[in-house]
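The values are calculated or read from the model by the stated rules, or taken from the named source; none is laboratory data. Note that this is a predicted model, so its numbers are computed, not measured. Cβ placement follows ideal geometry from the backbone for every residue including glycine, while neighbour counts extend to all protein chains displayed.
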């Protein structure tokens with residue numbers, strides 16, 4: 001038999017998913033800026049040297065997408081619908 005999960009548990013699960021997603025998005029932003037820093041500051045590493053313009057454009061787009069995703073998680077709920085437990 002399938003029954004809806006307790007409302008309080010559903011809220012807790014939603015908050016947990018949201019906080020995990022926020023941490024993951026902040027990690028992605030950190031990695032993005034780290035890659036950009038390596039590209040701009042350490043030319044001897046030849047990081048992104050195959051096609052520098054494409055690399056820079058791509059990393060800036062990735063940073064932008066990560067910032068937008070992080071902002072969306074701040075203002076929206078990850079809860080997509082009711083959660084059910086199989087009893």
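Filtered by the rule that a residue be exposed (fewer than 13 other Cβ atoms within 10 Å of the Cβ) and farther than 27 Å from residue 75 by Cα, the stretch 53-64 gives 53, 54, 57.
Taking the stretch 24-57 as the range and being over 16 Å from residue 68 (Cβ atoms), touching a helix residue (DSSP H, G or I) at 6+ places or on another chain (Cβ under 8 Å) and not in a loop (DSSP other than H, G, I, E, B) as the test, the residues that pass are 35, 36, 38, 39, 45, 52, 55, 56. Selection within the stretch 16-35: residues that are surrounded by 13 or more Cβ atoms within 10 Å (Cβ to Cβ) and without any contact (Cβ under 8 Å) to a residue 24 or more places away in the chain. The member of this set that is farthest from residue 58 (Cα to Cα) is 24. In a residue-by-residue description of the stretch 67-75, the property of being at pLDDT 80 or above and exposed (fewer than 10 other Cβ atoms within 10 Å of the Cβ) applies to no position.
Checking the structure you have, find out if any residue of the stretch 3-17 is modelled with pLDDT under 75 and assigned to a strand (DSSP E or B). The answer is yes; a qualifying residue exists.
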